[in-house]
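Encoded as structure tokens, the structure appears first; notes follow it.
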Amino acid sequence: MTEATALEQALRTVAGERVQVVRISADGSASVVIDAEGLDDTARQTMQSDLHAAAKGIGVAALRVAMSAPRRRRRIIAVGSGKGGVGKSTLSANLAIALHRLGRATGLVDADIHGPSQARLFATEDQRPEANGNKLTPVMSRFGVPMLSMAHLVRPGQPIAWRGPMAGNALGQLIDAEWGNAEVIVVDLPPGTGDVQLTMLQKYKPAGAVIVSTPQDLALIDATRAMGLFEQGGVPLIGMVENMAGYLCPHCGETSDPFGHGGAEQAAMTSGLPFLGRIPLAMAIRQGSDAGEPPAAGEGPLADAYLAIARQLVEWLDRNG
Ligand code: ADP
């Protein structure tokens with residue numbers, strides 16, 4: 001029996017007919033493609049570790065497992081806030097990466113036409129999307145998340161001062177791009193309740209919206225306005241995230257609450273909106289954002305906080321499939 005056949009047999013004891021292609025390279029490393037249709041994240045993870053164990057059992061130490069993404073309908077999740085500066089773009093970027101890490105093929109659109117910041121967050125400022133016919137091919141970030149931002153279409157430093165309809169058309173180009181197998185598109189909306197937001201809601205019908213707020217009362221009043229916009233547009237509210245909730249001291253590791261505690265959670269509860277979680281005000285988030293290293297791509301408590309919120313989004317998407 002060849003080594004590849006022996007490996008295939010071992011892998012089939014774990015994954016049966018789901019085993020599609022088994023390869024062993026000259027350097028002794030092996031790879032397998034698994035049809036993961038219909039498996040949830042837990043089942044995929046369990047299968048993955050069982051496959052590694054089975055390979056090890058017959059002396060193959062290095063196995064690369066590729067799971068074909070289960071095909072699901074592509075859906076848009078809009079991330080909105082009542083005002084700027086509450087960390088909406090940072091949250092959108094990190095949630096897109098966290099969703100990707102949870103096995104959901106995710107793309108990101110920076111719809112903040114007048115102040116695009118996602119290209120910096122993902123360190124893709126130097127890349128340009130290609131035009132394929134009349135569609136754009138998104139730029140691939142280092143984190144496995146394809147993305148498009150107005151910053152990719154204009155020259156650096158060029159001011160973007162478009163009026164409503166032009167901004168709406170530009171947004172259309174970004175959303176109607178070739179997103180490949182992406183099943184979730186996270187859209188970072190501009191703050192407030194203007195033309196771009198309305199076009200977005202009316203034309204592209206997001207499956208749901210996430211509201212970001214800081215714990216400060218003022219930001220909360222603005223967040224309530226953003227909730228009204230989505231409700232008016234018939235977009236279901238998935239829930240609220242409290243950002244900059246408590247200060248995570250980089251020196252002592254303790255969290256304090258310069259802006260008060262639990263304001264967003266309270267507001268969410270009052271309006272019957274699910275509370276999705278809180279992200280602390282942390283130097284590492286600001287630094288990581290500026291350096292094109294979003295914390296969700298790494299390990300540790302900050303990555304865990306983003307992953308926990310992303311897990312709730314996945315559950316919501318599955319419940320509202
Ligand atoms: P918005 O999109 O709401 O205007 P940004 O995401 O651009 O806000 O964030 C504004 C600034 O705050 C950025 O410098 C960003 O790095 C920083 N920031 C966002 N969230 C956090 C956080 N949880 N901790 C520390 N800094 C943050």
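Things worth noting here:
- Taking the criterion of being aliphatic (A, V, I, L, M) and farther than 18 Å from residue 209 by Cβ, the residues of the range 167-193 that qualify are 167, 170, 177, 182.
- Scanning the range 228-253 for residues that are in contact with a strand residue (DSSP E or B) (Cβ under 6 Å, 6 or more places away or on another chain) and aliphatic (A, V, I, L, M) turns up 235, 237, 238, 240, 241, 244, 245, 248.
- Out of 82, 107, sole residue that is open to solvent by less than 10 Å² (accessible area, probe 1.4 Å) and not assigned by TED's automatic domain parsing to the domain that holds residue 52: 107
- Meets criteria (assigned to a helix (DSSP H, G or I) and modelled with pLDDT under 80) for residue 167: yes
- Residue ranges of helices (runs of 4 or more DSSP H) in the range 22-129 with at least 3 members within 16 Å of the ligand (Cβ to nearest atom) and under 17 Å from residue 310 (Cα atoms): 88-101
- Within the range 243-258, residues that are farther than 13 Å from residue 283 by Cβ and among the acidic types (Asp, Glu) have Cβ atoms under 6 Å from residues that are assigned to a strand (DSSP E or B) and within 13 Å of the ligand (Cβ to nearest atom) in these pairs: 257/246, counting only partners at least 6 apart in sequence or on another chain.
Residue-wise test of (1) over 15 Å from residue 185 (Cβ atoms); (2) at pLDDT below 95; (3) not basic (Lys, Arg).
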| residue | (1), (2), (3) |
| --- | --- |
| 43 | yes, yes, yes |
| 52 | yes, no, yes |
| 58 | yes, yes, yes |
| 61 | yes, yes, yes |
| 67 | yes, yes, yes |
| 84 | yes, yes, yes |
| 97 | no, no, yes |
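The values are calculated or read from the model by the stated rules, or taken from the named source; none is laboratory data. Small disclaimer: the values here were computed from a predicted structure and weren't measured. Cβ: placed from backbone, ideal geometry, glycine included. Neighbour counts: every protein chain shown. Please note that ligands, DNA and RNA were not included when accessible areas were found on the heavy atoms of the full protein model with its side chains. Shrake-Rupley method; radii C 1.70, N 1.55, O 1.52, S 1.80 Å.
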